[in-house]
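The values are calculated or read from the model by the stated rules, or taken from the named source; none is laboratory data. In this text, all values refer to a predicted model and were calculated from it rather than measured experimentally. Methodologically, a virtual Cβ is constructed for each residue, glycine included, from the backbone with ideal geometry; neighbour enumeration extends over all protein chains shown.
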Amino acid sequence: RKGSFDHFMLKEIFEQPESIINTMRGRVNFQNKTVKLGGLSNYISAIRRSRRIVMIACGTSYHSCLATRDLFEELTDIPISVEIASYFLDRRPPLFRDDTCIFVSQSGETMDTIFALKYCIERGAMCVGVVNGVGSAISRQTLCGVHINAGPEIGVASTKAYTSQYITLVMIALSLSEDRLSKQTRRNEIIDGLAKISAQLEEVLKLNDKIQAVAETLVDKPKMLILGRGYQYATALEGALKIKEISYILAEGILTGELKHGPLALVDEDIPIIMVATKDKLFDKIINGIGQVTARSGKPIFIASQNGPALIEGSNKKENGVTETAAADYNGAEKSYVKFEVPETVDCLQGLLNIVILQILGYWLAVKKGYNPDHPRNLAKAVTTE
Ligand code: UD1
Ligand code: M6R
């Protein structure tokens, strides 16, 4: 069932151009630029009237909520909060009948998320599921929802479910704003972006060999920082989770805007630093963050836009690169830096492409360390206990 792949994880990473198409099939009309989610159509206007949307999930599913929160805020103008299910339950926060709660879960069987769902049902909130497991507990117990249709995910590390959850949440945000004329241009831009995303993801997968070569240079490192901001904060967190859960490297996802508030103290010439630096409206701040890191002799590995603008000022040139070979095809001051170039898409969809680099990197780190990425120690695919 793994076909030509050595592990389910790699197979599932490579399935993504297809699984995201399955998520959108029959739902996004690319010609008319409309989105129709069968499972939500009777409830969309009620959700629009809610005074708050609370997204609740664990692990990777939580990161898909973070990745799309900005877009929900932008398109719906409804306050959005994003909650880790266990922390939400620890707090037992106030919740009201006019709140909508969205529960995101690959398995649909995660106990923390199920308990949070029960808490929200008891308080009369409208409960919506975004689930891969058809017939799962969360799918059955929510009032309505959307199946992400990613197909079975076997690897314990969630990969294709993340990209399909992300796209499903984007589709929900698009549906909720369908009545807003002022958002039409933006909605059309996103739907055009979705039309191209599968082919672009295919492009990213071609970087597999280069990522494997870079993994070789990182395999003995005990720790690693992954930096991102804005839409790419979720990418940093999810990338770090992937790397730590299967390679056991202590990888920390950091919001670049927080560097000066503590994490900058960790930066030196030894610690591997991956910076998500694809072009978006925060680009000036990204460049500023890169400057903060290189000024402390940090030597970032970049996830950057294909043919994008320069990231490093000429004066920062250094020769002790992580891998000179992998970087050899870059000119000028950036040539000694490793850079993975990904195709550019709409800002709110860029995380779908960027994360794939980190999924593949996590995979190779695990394999090169002799671990089986499909079965990380101490973890189970569905976490059915609290
Ligand atoms: C449904 C069918 C699909 C068929 C399509 C044709 C199922 C599972 N899906 O897809 O096979 O091709 O119609 O029109 O039979 N739901 C929840 N909670 C969740 C997820 C879903 O309550 O977490 C509910 C939805 O509100 C809906 C039903 O489950 O009532 C099916 O959801 P979904 O599969 O997303 O609906 P469609 O895409 O319309
Ligand atoms: O099935 P769920 O999406 O509810 O699972 C949530 C987490 O347990 C899950 O995403 C976990 O973090 C993954 N192993 C991460 O790869």
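Scanning segment 99-110 for residues that are over 22 Å from the mean Cα position of the chain (by Cα) and within 16 Å of ligand 1 (Cβ to nearest atom) turns up just one, Thr100.
Do the conditions hold for Glu73, that is, is it more than 15 Å from ligand 1 (Cβ to nearest atom), without any contact (Cβ under 8 Å) to a residue 60 or more places away in the chain, surrounded by fewer than 22 Cβ atoms within 10 Å (Cβ to Cβ) and not in a loop (DSSP other than H, G, I, E, B)? Taking the combined requirement at face value, the residue satisfies it. Annotation note: Cβ proximity below 6 Å between a residue of segment 30-43 that is within 16 Å of Ile197 (Cα to Cα) and a residue that is within 16 Å of ligand 2 (Cβ to nearest atom) and at pLDDT 95 or above (sequence gap 6+ or interchain) occurs for no pair. Do the conditions hold for Phe88, that is, is it of a type in the set (A, V, I, L, M, F, W, C), crowded, with 18+ Cβ neighbours inside 10 Å and within 11 Å of ligand 2 (Cβ to nearest atom)? When the stated conditions are applied, Phe88 does not pass them. Only one of (1) crowded, with 24+ Cβ neighbours inside 10 Å; (2) within 16 Å of ligand 1 (Cβ to nearest atom); (3) within 24 Å of Gly239 (Cα to Cα); (4) not charged (D, E, K, R) is not met by Thr163, so which one is it? The failed condition is (2).
Go through segment 8-45 and give me each residue that's touching a Lys or Arg at 6+ places or on another chain (Cβ under 8 Å) and of a type in the set (Asp, Glu). Residues satisfying the conditions are Glu12, Glu15. Picking from Ile20, Ile13, Ile80, Ile53, which residue would you name as being closer than 15 Å to Val128 by Cα and in contact (Cβ under 8 Å) with a residue 40 or more places away in the chain? One residue alone meets the criteria, Ile53. For segment 274-281, the count of residues that are hydroxyl-bearing (Ser, Thr, Tyr), modelled with pLDDT of 95 or more and more than 16 Å from ligand 1 (Cβ to nearest atom) is at least one. Restricting attention to segment 29-56, the residues that are assigned to a loop (DSSP other than H, G, I, E, B), closer than 19 Å to Cys120 by Cβ and within 13 Å of ligand 1 (Cβ to nearest atom) total 3.
Quick check on segment 4-26: of everything there that is touching a helix residue (DSSP H, G or I) at 6+ places or on another chain (Cβ under 6 Å) and not in a helix (DSSP H, G or I), which residue is nearest to Phe103 (Cα to Cα)? This residue is Glu15. Applying a threshold of 9 Å to beta carbon distances and a minimum spacing of six or more residues, or different chains, the list of pairs starting in segment 367-382 at a residue that is within 10 Å of ligand 2 (Cβ to nearest atom) and ending at one that is of a type in the set (Val, Ile, Thr) and part of a loop (DSSP other than H, G, I, E, B) reads Pro376/Val156; Leu379/Val156; Ala380/Val156; Lys381/Ile154; Lys381/Val156; Ala382/Thr110. Just for segment 327-386: of the residues that are more than 21 Å from the chain's Cα centre (by Cα), more than 22 Å from Gln232 (Cα to Cα) and part of a helix (DSSP H, G or I), which one is modelled with the lowest pLDDT? Filtering first and then ranking leaves Ala327. I'm trying to understand the selection: among the residues of segment 216-272, which are part of a helix (DSSP H, G or I), in contact (Cβ under 8 Å) with a residue 24 or more places away in the chain and of a type in the set (Lys, Arg)? Result: Lys242, Lys260. Per this entry, Arg52 is not counted among residues that are at pLDDT 95 or above and within 22 Å of the chain's Cα centre (by Cα).
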